[in-house]
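One structure is given here, and the rest of the page talks about it.
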Amino acid sequence: MTIKLTYFNLRGLAEHTRYMLHIAGVEYEDNRYPIDVANGFKRPEFDADQAKGVFDMNMGRIPLLEIDGQVIGQSRPIARYVARKYGFMGDNDIEAAQVDAAFEHVKDIVDAYQKPRSITDEAAKKEAIEKWFSTDLPTWYGKLEKSLALTSKKDGCAVGSKLSLADIGIYYLAIFFFDDKAANKAAWEKCPKMKAVVEAVANHPKVKEWEAKRPDTVM
Ligand SMILES: N[C@@H](CCC(=O)N[C@@H](CS)C(=O)NCC(=O)O)C(=O)O
C-alpha cells in the first residue's frame, strides 16, 4: 500500500495525522509544499498545482491523503480514517464515538477562540484575548475535564484505556495551538485529567521521536 499525505510545510491541518502515522510506524510520503510564512504566505508551487486542478477533489485545498491512488480530502475525515485504520479510535464502537466527540470538543474550543481573535479594534481585541485566557479558556477546560472524567478509563487516556485521536487533539491544543502558551498552560495544568493526557502524549517515545525528526516550522 502506498500512502501520500499532501500539505504545506507546516504543522497546521496535517499534524494530527502525521503524529498517528509516525506513532503507528506507517511508511508514507510526507509531501510538503514550500510556503513562505514571513512573506505573505507565498507558495508558488502550490498555486501552480492548484491552477492545474491537482486539488479539485478537495475544492482546491489541502490536506489530501492518497491511498494507492485513491484520494481523501478534508483534514478531519483524513485524521479519522487514519485513526480508524491504525487503532486510535478506542476499543469498541462506543469508544470510537467518544473519541470522535472529544476531538469535536477540542474543535469547539478552537472555534470559540476565533471570536476574540477576529476583533478588528486593537484595544477591544486585546481585552477580549485577555478575557479568553483568564476566564473563557479555563471555563472550556473545566468542561472538557468533566467530560474526560466520564470517558477515561485510564489516567492519561481521554477515552477508554489506550492512546487515541482524542489524546492527540488535546495534546496539540495544549502545546502548539495558542500563541500565548504560558496562559494556556496555566489553564490546562489546573485540570488533572487533561494534564495527564498532555503528559502521556508528550512522553510517548514515538511522539518525542517525531518532534525531533519533523521539519522545524513556524506553525
Ligand atoms: N476544512 C478544510 C479546510 C482546508 C483548507 O482551508 N486548507 C487550506 C490550507 S490550511 C488551503 O488549502 N487553502 C487553499 C488556498 O489557500 O488557496 C480541512 O479541514 O481540510
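Laid out as a table, the results:
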| item | result |
| --- | --- |
| Inter-label distance for Arg61 and Lys146, nm, one decimal - labels placed 7 Å from Cα along Cα-to-Cβ | 3.2 nm |
| Karplus-derived 3J(HN,Hα), 6.51/-1.76/1.60, for each residue of region 5-12, Hz, glycine and proline x | 10, 10, 7, 6, 7, 9, 6, x |
| In region 1-108, the trypsin sites (Lys or Arg not before Pro) that fall in loop regions by DSSP, at most 16 other Cβ within 10 Å | Arg61 |
| Filtered GluC sites (Glu not before Pro), region 17-83: DSSP coil and at most 12 other beta carbons within 10 Å | Glu27 |
| Helix-only mean residue ellipticity at 222 nm for the chain, each DSSP H run of n ≥ 4 adding -39500 (n - 2.57), per residue, nearest 500 | -16500 deg cm²/dmol |
| Burial ranking of peptide ranges 159-165, 120-126, 93-99, 70-76 (average Cβ count within 10 Å, highest at the top) | 159-165, 93-99, 70-76, 120-126 |
| 1.4 Å probe accessible area per residue over region 93-204, in Å² | 50 Å² |
| Out-of-range pairs (alpha-carbon distance over 19 Å; input Lys162/Lys193; Lys4/Lys85; Lys107/Lys146; Lys146/Lys195; Lys125/Lys146) | Lys125/Lys146 |
| DSSP bridge orientation in the chain - percent antiparallel, rounded to nearest 5 | 60 percent |
| Whole-percent carbon and sulfur share, accessible surface of region 1-157, 1.4 Å | 53 percent |
| The chain shape via C-alpha gyration tensor axes, a/c threshold 1.5 | oblate |
| With 10 Å bins from 0: P(r) over region 93-204, alpha-carbon pairs, percent | 15, 48, 26, 9, 1 |
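The values are calculated or read from the model by the stated rules, or taken from the named source; none is laboratory data. Because the structure is predicted, anything quoted here is derived from the model rather than measured. Don't worry about glycine lacking a Cβ; one is built from the backbone with ideal geometry, like all the others, and counts go over all protein chains shown. Keep in mind that these areas ignore ligands, DNA and RNA; they rest on the heavy atoms of the full protein, side chains included. Shrake-Rupley method; radii C 1.70, N 1.55, O 1.52, S 1.80 Å.
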